[in-house]
Amino acid sequence: MLIADVQGIVARCNDAAEALLPAATPGTPLADVVPDWLRDAHVGLNSSGARDAPEAGRAAAGDIDGRYFEAHPTVRDDGSVAWWLVDDTDHRLVREALRMERELSAFLAKASSVLLSSLNLERCMDVTAQMATESLADAALVIAPARGHRLPVVTCLRGGTPETATVTVNPDAVPGLGEALRGFPPVPSRWMDPGGAPAWMKPEGMGPIGSIVITPLPGHGVPAGALVLLRRAEAAAFSEEEEVFARLFAARAGAGMSAARLYAEQSSISELLMRELLPPALHQISGVDFAGGYRPSADHERIGGDFYDVHPATVEGDASLVLLGDVCGKGLEAAVLTGRIRNTLHALLPFADDHQRMLNLLNTSMLSSHHTRFATMVLASAVRRGSAVDLKLTSGGHPRPLIVRADGTVEEADTQGALIGVIPAIASTTITTSLAPGESCVLYTDGITEAKGGPMGGDLFGEERLKRALSGCAGMPAEGIVEHVQMLASQWLGDGSHDDMAVVVISAPRTHHLSAVNGHTRGRYTA
Amino acid sequence: MSTGTTHRLSDAEPAERSAELLWNAVSAGDECAAADLLLRLLDEGADPESVLLDVIARVQGRVGEEWAANRMSVAQEHAATAINERAVAALSTHPAARTATTRGRITVACVDGEWHGLPARLLAEVLKLRGWRVDHLGSQVPTPHLIGHLHRTRADAVALSSSIPTRLPTAHAAITACQAIGVPVLVGGAAFGPEGRYAKPLGADAWAPDARAAADLLAREPLPRPEPDHQQLDDLPHLADQEYTLVSRSSAFLVREVFTALEDAFPAMRAYDDVQRERTAEDLAHIVDHLATALYLDDDELFTRFIAWTARILVARGVPASSLPPALELLARELKDFSRAVRILGAGTRALVTDRTTAARITA
């Protein structure tokens, strides 16, 4: 405790204050014996006019002789002020430690949320490198496990953008890197002599390197890679706490990267398997236009129980075979069965001109398989004859194809037959017809007509509405019709749930442009 | 690419003439003539980007205008678009349009439920010409597909296109999902309003008025990586009142109620045939959808613009727009407890009055 009068002269000083400020003997000016912050507080208190003690929490504070003090004033009747000095050093240290701790955990939480949100390995590597430079190092390298001797490396300087490169190098040639990349047995972070670091480890523009530490990224059963932290020569080397912290960060980065790696492996497998099940892209074949569109029942899937294929004739001048069908059920299981059916039909292509035989053989094969599902299907053979397209259509328990004539009339193809895969012998009727230029035949699955919704809700899209829509589609290109039908059905649905929906359109191209064939366009096939 | 004497299609006159020729081919449904015209332009050394944007995009714009003026049916619009799409495809295989990849990777997609795929297609082609590696996912992309794709590839940015305002809530979901996995989103298309005013409230990282501006913007500097821990609700705090949720969820019910009430108010409606009744119901459904979207963005103008536009479309089709004000009034009565909805519907009614007096003044 120390008392100073209005003129700023020390009046009294107790033992503790004397021990702290030995020069503060009574009679000396306050300015000569106390630090500036306390002098200013005293002057401020005197000049403020309102000679009241400042509110709590607004006490002056500052360093005295290496320790940190708060000074609480009490104004006495004669105008002098008693300054109560409270040593706050430890409290402050604790608060500082708490703040650091909070920053660290905020950093780790951010690292977790950023790394968890992406399942892309490259992006995870970028984020790891960038975050490491934010609070751990001046530069960071993230190295993924090698493919052969090729190491994918992401380098990032503080404040810079991550750069990806591939380095061809034997990881065991760099001390500590081989072990870190193997992931097992667990190895501690390892210091490296900056002089011994290979050139690819030194980021361009980094300047002289002071310290390098290699930390393994622990994966879940798989090696996730290694994190290399670099500091400039003038920066402090890594402290023990910082190394612990780097390991905590590495654990999160490793978890994120190994999850991304697993996802990439899984998705490339399912991509590969699904490729065979995806509906093919259709185009013009031998002067006949084909277009198809497909929307699976679940938006997160890309395949389902509807399918279509167009098989070009093996001999030019023969008919191409179009098939469109619907396996009972939806989702992946149905999709797997569509794959089998499509394969079976592919094998049956030599009989393509005999629809009944094809359907019968398929029926037999489905009855003998362990699947209990059945299917409906429509087969169409289409061949260009002059400017027209000759069609042969056979339905196996499937909604009848619709034919859009040039004048906008919509005809139902009068073909019918039994479901496939239910009874041992099936019968069906085949019809033949011809499409004049600009006319189209529309094959669709019941997902379209059974789409439930509409402006009032709860109504089926229905065959009538489909026919009405198609009557406006005379002369349209095949893709245009497919898109039009798909759009109407999906607008009808709104956000409602639905079955798989497939449409295939076979069109006789409009002919008035045959003169324009020039070899650039697919038009040359129409000659 | 050809030599320095490249005849650029940028001076307005030839581009306009080519657009006129393309329009003739497209409106006649002549696909080959359309493709030949464009390929000839490229053979003669026209700038492919200019062919895409000053010829094809212009013709596509005209398709929309012709539809609005009832000189083209929806089916014809689809036919024209299909021809334009094929023309773009033919163009992209021309040697002049082949460019080496010199930049990063961009994913181009339309919002789920968006059927106008051509603007996104044109952007994809322009970005390819500018040296980007482009993944074009097409129209009608469910958000889970988009996100799956972004996990599998490392796109520098997503370019998201939407032309229908009622897809904006879905666009918002897609934008936040992309950003949540660390990919910035550039948006474009008529849905985002005049000067792209809805891009910001929906949290998009950037907006561009057209394909050229989008390509320039992406070339200037990389879009910043989105900040993690973004809370969607912070963008649109008014959603807390649930009006959007309740209106959009009960839209079929609202349409039914207003339809029945309209029949009482307009006995003439009883004589409508099935198709006319369905058209009326569809118009009502559009009104409710736009109301819901206006609630989502808390923007009266989104609704008033739509109502004024609908009135003009109806007039172009010879349907009296006089049923619009009572429909809005009936809707407001159904939603009387929803203060924002009532406010927006009121603004719609006022817009109709102003629109009609302006129209009357012009015709007078």
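Rule-based calculations on the coordinates, nothing more; no lab input. No experiment lies behind these values; they were computed from the predicted model shown. FYI the Cβ positions are ideal-geometry reconstructions off the backbone, even for glycines, and counts take in every protein chain you see.
Please figure out what share of the DSSP beta bridges in the protein assembly as shown is antiparallel and state it in percent, rounded to the nearest 5.
Just about 85 percent of them are antiparallel.
With each pseudo-label sitting 7 Å past Cα toward Cβ, what's the B:Glu65-A:Arg147 distance in nm, one decimal?
That separation, rounded to one decimal, is 5.1 nm.
So for the pair A:Ser239, A:Ala347, with labels modelled 7 Å out along Cα→Cβ, what separation do we get in nm?
About 7.3 nm, to one decimal.
For chain A, what is the calculated [θ] at 222 nm in deg cm²/dmol (nearest 500), taking -39500 (n - 2.57) for each run of four or more DSSP H residues and dividing by its residue count?
The helix-only estimate for chain A comes to -10500 deg cm²/dmol at 222 nm.
With everything on Cα atoms, drop me the angle between helix A:240-275 and the longest principal axis of chain A, reported from 0 to 90° to the nearest 10.
Relative to chain A, helix A:240-275 is tipped by roughly 0 degrees.
Given the Cα-Cα distance of A:Arg373 and A:Arg275 and 0.36 nm per residue of separation, how much length would full extension add, in nm?
Here the segment from A:Arg373 to A:Arg275 would lengthen by 33.0 nm.
I want to make sure I understand the PRE zone here: with the label point 7 angstrom from the Cα of B:Val275 toward its beta carbon, which residues in segment A:382-410 have backbone N atoms less than 16 Å away?
Backbone N within reach: A:405, A:407-410.
How high is the FRET efficiency from B:Arg103 to A:Asp459, r the C-beta distance, R0 45 Å, rounded to 0.05?
0.40
Compute a Gaussian network model of chain B, connecting alpha carbons closer than 10 Å, and tell me which residue from B:Gly348, B:Gly188, B:Gly45 fluctuates the most.
Taking springs between Cα atoms under 10 Å, the residue moving most is B:Gly45.
For a label point 7 Å from the Cα of A:Ala199 along Cα→C-beta, name the residues of segment A:144-173 whose backbone N is under 15 Å from it.
Counting only backbone N, you get A:167-169.
Could you work out the relative contact order of segment B:1-98, using alpha carbon pairs under 8 angstrom and six or more residues apart, expressed as a whole percent?
38
At a Förster radius of 60 Å, what calculated FRET efficiency corresponds to the Cβ-Cβ distance of A:Phe184 and B:Thr245, to the nearest 0.05?
So, using R0 = 60 Å, E works out to roughly 0.75.
What do you get when you divide the Cα radius of gyration of chain A by 2.2 N^0.38 Å, with N the number of residues?
With N residues counted in chain A, Rg over 2.2 N^0.38 Å equals 1.69.
Would you mind getting me the FRET efficiency between B:Arg317 and A:Leu262? Use the beta-carbon distance for r and R0 = 56 Å, nearest 0.05.
The value I calculate is 0.50.
Decide, for segment B:99-235, between rounded, prolate and oblate: order the square roots of the alpha carbon gyration tensor eigenvalues as a ≥ b ≥ c, take rounded if a/c falls under 1.5, and otherwise choose prolate if a/b is larger than b/c, else oblate.
Note, shape of segment B:99-235 comes out rounded.
Relative to the present Cα-Cα distance, how much length would full extension add between A:Ser497 and A:Thr432 at 0.36 nm per residue of separation?
19.8 nm
For segment B:1-98, what ratio Rg/Rh do Cα atoms give with a Kirkwood hydrodynamic radius?
0.99
Can you give me the distance in nm between label points at A:Asp78 and A:Arg92, each placed 7 Å from the Cα along the Cα-to-Cβ direction?
Between A:Asp78 and A:Arg92, the label points sit 3.2 nm apart.
Explain nothing, just the number: relative contact order of chain A, from Cα pairs under 8 Å at least 6 residues apart, as a whole percent.
With pairs under 8 Å counted, the relative contact order is 9 percent.
Run the numbers for A:Glu103 and A:Leu419: contour at 0.36 nm per residue of separation, minus the present Cα-Cα distance, in nm.
Result: 107.0 nm gained on full extension.
Using only DSSP helix segments of four residues or longer, with each worth -39500 (n - 2.57), what per-residue ellipticity at 222 nm results for chain B after dividing by its residue count and rounding to 500?
After summing the helix terms and dividing by residue count, I get -18500 deg cm²/dmol.
Quick query: amide H of A:Ala61 versus all other amide H atoms, modeled in the peptide plane; which residues come in under 5 Å with a sequence gap of 5 or more or a different chain?
A:Ala71
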